[in-house]
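Comments concern the structure below.
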Amino acid sequence: MRDFDINTIGKKMPYQAPSEDFFEKFTDDLLAKVADEQKPKKVFSLRRALTPVLSVAAAIAVIMTTLFMGEPGDDFLRGEYIISENLDESIDSFLGSLTDEELTYLAAASSYADDFYANLPTE
Amino acid sequence: MNEKEIIELLSNIATRNEGFRLLVTKFREPIYWHIRRLVVSHEDAEDVMQECFINVYKYIDNFKGESSLKTWIYKIATNEALRLCTKKQLDMDSYDQKSRLVDLFSSEKNIDFDSAEASLQRAILSLPEKQRVVFNLRYYEEMSYEQIAEVTGSSVATLKTNYHYASGKIKEYVLKNMEE
């Protein structure tokens, strides 16, 4: 086999060189990409996105439970039931604590002040 | 601008982007050709080069100056190029022991396939991966064995052996082609 020196071929590449502006354009695109990656990205928060939806859903659930599922004996409603049961007693107690002046003012300010039937003299 | 000045700019957050621009400008052409010699196609070379420089930017804080900036970038570029070769299965075909890179090279446009340069390139592309990398870094980039060791992580003795085998195979290949 003949001896042969690889170095005689040289370092020229057989490939066609890229276009003249290739490296400039590559650099511009790369720097733009890097700058873009540096920008703080908006982090999608499932909790944040669902908060309004969950709030509305919770409100609807409470309303539905109150309207359709509640029985006077239910724990949830028991408090309100007790309050409504004792409402007359509570009002009497409240009115009893007022002075005569306060009662006169309250009667004058009431929307029933001019009500004919409400103001019928008691026997 | 030399490596030291670029490293100083890169190490400061305020001047990092300017340092990176200078780094890309300095290394883009040699890195492109190094990658092109490994992956053959221009499009793949462009993709790998972009990935390489993005990794340089991303991991610049990991660069501790234990090697030169040049060999560190070449290491990233080489790894990315070889990763693409593996992904595209461009290396040795286990059936006929022929590199698909040679076929890819033969399908390139605007190449004078009768030229000595083309013959040399075909010979290099038919080498096993390690020998191909070592030969390219030594022959085209004119790196010392110590620098190639920084790029490849191999010992100098192994690299010398690889280069010796590669040169022998290339001579044989080119001479055979010249005689045909």
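The relative contact order of the range B:1-127, computed from alpha carbon pairs under 8 Å that lie at least 6 residues apart in sequence, is 21 percent. Think of chain B as a dipole: +1 on every Lys or Arg Cβ, -1 on every Asp or Glu Cβ, centred on the Cα centre; then among B:GLY19, B:THR161, B:VAL39, B:THR161 lies furthest on the positive end.
The slack in the chain from A:LYS25 to A:VAL56, taken as 0.36 nm per residue of separation less the alpha-carbon distance, amounts to 6.0 nm. Binning the C-alpha pair distances of the range B:10-56 at 10 Å intervals from 0 yields a P(r) profile of 28, 47, 20, 5 %, listed from the shortest bin outward. A Förster radius of 45 Å, combined with the Cβ-Cβ distance separating A:ALA35 from A:LEU67, puts the computed FRET efficiency at roughly 0.20. Diagonalising the gyration tensor over the Cα atoms of the range B:3-146 and scaling each eigenvalue by 5 before taking the square root yields semi-axes of 31, 14, 14 Å, largest first. Note on chain B: helix-only mean residue ellipticity at 222 nm, from DSSP H runs of 4+ residues weighted -39500 (n - 2.57) and normalised by residue number, equals -23000 deg cm²/dmol. 5 Å is the cut-off here: which amide hydrogens, built 1.01 Å from N in the peptide plane, fall below it relative to B:SER99, excluding neighbours closer than 5 in sequence? Distant-sequence amide H within range of B:SER99: B:ASP93. Taking other Cβ atoms within 10 Å as a rough exposure proxy, B:HIS34, B:HIS42, B:HIS164 sort from fewest to most as B:HIS164, B:HIS42, B:HIS34.
Once the C-beta distance of B:LEU104 and B:MET178 is scaled by a Förster radius of 22 Å, the resulting FRET efficiency is 0.45 to the nearest 0.05. What the phi angles of the range B:155-163 give under the Karplus curve with 6.51, -1.76 and 1.60, with θ = phi - 60°, is a coupling list of 7, 4, 4, 4, 5, 4, 5, 4, 5 Hz, glycine and proline written as x.
Take the Cβ-Cβ distance between A:ALA17 and B:LYS58 as r, set R0 to 25 Å, and report the resulting FRET efficiency rounded to the nearest 0.05. According to the calculation, E is roughly 0.30. With 32 Å as the limit on Cα-Cα distance, the pairs of A:LYS12/B:LYS75; B:LYS58/B:LYS171; B:LYS58/B:LYS169; A:LYS12/B:LYS176; B:LYS58/B:LYS109 that go past it are B:LYS58/B:LYS171; B:LYS58/B:LYS169; B:LYS58/B:LYS109.
Computed from the coordinates by the stated procedures, all read-outs in this text should not be read as laboratory data. Predicted, not measured: the structure shown is a model, and the values here were computed from it. So basically every Cβ, Gly included, is an ideal-geometry build from the backbone, and we count neighbours across all protein chains shown.
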